[in-house]
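Single-structure report; data block below.
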Amino acid sequence: MSLSVPLPSAPMAKPSVARLKPHLPLLTVVLFALTFLALFHTQRVTFFSSSIFKLNSCTRKSASSKTREEPWSDPLMDDRFEFDPEECSVVNGKWVFNRSIKPLYTDRSCPYLDRQVSCVKNGREDSDYRHWEWQPDDCRLPRFNAEIALKKLRGKRLMFVGDSLQRGQWQSFVCMVQWLIPEDKKSLKRGRFHSVFSAKEYKATIEFYWAPFLVHSNSDNPIIGDPKQRILRVDSVANHSKHWTNVDILVFNTYVWWMSGVKIKSLWGSFENGEEGYEELDTPIAYRIGLKTWANWVDSNVNPNKTRVFFTTMSPTHTRSIDWGRANGSKCFNETKPIRERKFWGSGSDKGMMSVVAKVVERMKVPVAFINITHLSDYRIDAHTSVYTETGGRLLTAEQKADPLHHADCIHWCLPGVPDTWNQILFAHL
């Protein structure tokens with residue numbers, strides 16, 4: 001007998017039934033427990049599978065506040081984030097203060113920063129502007145990871161093309177990775193147009209090419225300070241584009257140089273044939289023609305199977321403090337916090353010009369990915385170089401610093417700072 005239960009003194013036809021009756025509840029409990037364990041195991045598998053799936057895409061932001069307190073250093077598993085701009089828009093979001101965020105460099109630790117953007121070196125005492133983290137509404141950007149970024153660039157050329165704001169993004173990227181490279185394994189060669197940082201053991205270069213209009217102009221080098229004297233060859237990028245060939249990742253920008261407040265003198269044909277044949281065009285028209293010239297070059301010369309093309313949208317300026325409610329303010333001077341109004345859009349960001357870029361890129365054959373930094377940067381009135389910068393190759397004097405209304409630079413950004421977030425978005429694309 002397998003069941004140790006006393007036999008009843010009943011007739012022989014009934015004992016098995018009598019012995020099983022008391023144990024039916026026990027069997028039911030055992031079967032129920034086995035079923036529950038099977039279902040629980042299935043649910044666990046389903047849950048973890050869905051978590052892995054989310055990690056492989058741009059994960060939805062957790063409701064827990066712990067996510068916001070993550071340290072700046074990245075776990076290697078961040079490389080499993082697959083940034084999908086269709087699902088993960090960086091445009092809508094907010095800046096969250098996070099003291100635990102530590103920049104990957106300082107203007108003292110990175111030897112490659114221009115004095116123009118080295119705000120702490122130049123006397124800026126407040127540091128909160130370095131501890132704001134951009135948090136999109138619908139997803140979470142992966143942290144910038146220098147090791148992974150360098151692995152992504154192994155054997156490749158990354159080139160930033162544009163103006164001094166694009167140069168700031170280039171310097172930011174260089175500083176965010178250079179600390180990981182031994183001193184004898186890296187170098188920087190600066191040129192008037194073309195500067196190259198080399199990561200030797202990765203056989204990679206991170207480059208900057210100066211072309212503030214993208215198209216050729218008489219102010220490319222040397223710079224003509226008076227916008228009224230500048231003339232653009234809106235039909236040609238040939239002088240510049242020969243340096244863009246055989247580059248694996250191209251990151252373009254052009255905006256602020258067009259916003260001079262005067263009509264653009266636009267020339268078709270060579271400067272050698274004389275500069276008198278120009279036509280004065282409204283800025284959006286000249287901008288559209290110039291961008292079409294650039295787009296035609298990209299479509300005709302870039303193999304999208306070998307080269308990825310990005311366009312950094314306009315970097316906003318903050319020269320009118322009345323935009324954010326300070327009628328008696330001195331531009332961006334003395335601002336220490338971002339704007340918190342979610343729908344803020346300042347006068348330093350021209351939606352019409354953004355529309356021109358969008359329409360030109362929409363018609364291109366070669367895919368161009370936007371690094372959409374305009375709206376998120378527009379909140380950051382606190383992060384410009386202000387009076388902690390140089391002009392004409394010299395640091396501002398005490399007298400100039402005392403007159404921020406005329407001397408504060410509310411165009412360029414302190415480094416480390418906002419351009420690091422731009423590169424975080426670029427890293428997510430890579």
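Residues are listed down the side, and each one gets a yes or a no for (1) under 30 Å from Arg340 (Cα atoms); (2) out of contact with any His (no Cβ under 9 Å at 6 or more places or on another chain); (3) modelled with pLDDT of 95 or more:
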position	(1), (2), (3)
Glu275	no, yes, no
Lys292	no, yes, yes
Asn303	no, yes, yes
Arg308	no, no, yes
Ser321	yes, yes, yes
ask   = Can you pull out the residues in region 104-140 that are more than 18 Å from Asp382 (Cβ to Cβ), in contact with a Phe, Trp or Tyr (Cβ under 9 Å, 6 or more places away or on another chain) and open to solvent by less than 10 Å² (accessible area, probe 1.4 Å)?
value = Tyr105, Cys110, Cys139
query = With respect to Gly155, is the statement that it is of a type in the set (Gly, Ala, Ser), farther than 22 Å from Leu396 by Cβ and touching a helix residue (DSSP H, G or I) at 6+ places or on another chain (Cβ under 9 Å) true?
reply = yes
note = Over region 279-336, the set of residues assigned to a helix (DSSP H, G or I) and polar (S, T, N, Q) is Thr283, Thr293, Asn296, Ser300, Asn301, Ser321
query = Between a first residue in region 119-131 that is farther than 16 Å from Ala408 by Cα and part of a helix (DSSP H, G or I) and a second residue that is of a type outside the set (A, V, I, L, M) and open to solvent by 20 Å² or more (accessible area, probe 1.4 Å), which pairs have beta carbons less than 8 Å apart while being 6 or more apart in sequence or on different chains?
reply = Asp128/Phe97; Asp128/Thr336; Asp128/Lys337; Tyr129/Thr336; Arg130/Pro103
query = Considering only region 94-103, how many residues are in contact with a Phe, Trp or Tyr (Cβ under 9 Å, 6 or more places away or on another chain) and either in a loop (DSSP other than H, G, I, E, B) or within 13 Å of His412 (Cβ to Cβ) (or both)?
reply = 5
ask   = When you go through Ser260, Ser266 one by one, which is the residue that is touching a residue at least 12 places away in the same chain (Cβ under 8 Å), hydroxyl-bearing (Ser, Thr, Tyr) and in a strand (DSSP E or B)?
value = Ser266
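Rundown of residues vs (1) under 22 Å from the mean Cα position of the chain (by Cα); (2) open to solvent by less than 20 Å² (accessible area, probe 1.4 Å), yes/no style:
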{"residue": "Phe252", "(1), (2)": "yes, yes"}
{"residue": "Met259", "(1), (2)": "no, no"}
{"residue": "Leu267", "(1), (2)": "no, yes"}
{"residue": "Glu279", "(1), (2)": "no, no"}
{"residue": "Tyr287", "(1), (2)": "no, yes"}
{"residue": "Lys292", "(1), (2)": "no, no"}
{"residue": "His318", "(1), (2)": "yes, yes"}
{"residue": "Ile322", "(1), (2)": "no, no"}
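The values are calculated or read from the model by the stated rules, or taken from the named source; none is laboratory data. Note that the structure is predicted; figures quoted are calculated from it, not measured. Using ideal geometry, Cβ is built from the backbone for each residue, glycine included, and neighbour counts are taken over all protein chains shown. To get the accessible areas, we keep the full protein, side chains included, count just its heavy atoms, and leave off ligands, DNA and RNA. Shrake-Rupley method; radii C 1.70, N 1.55, O 1.52, S 1.80 Å.
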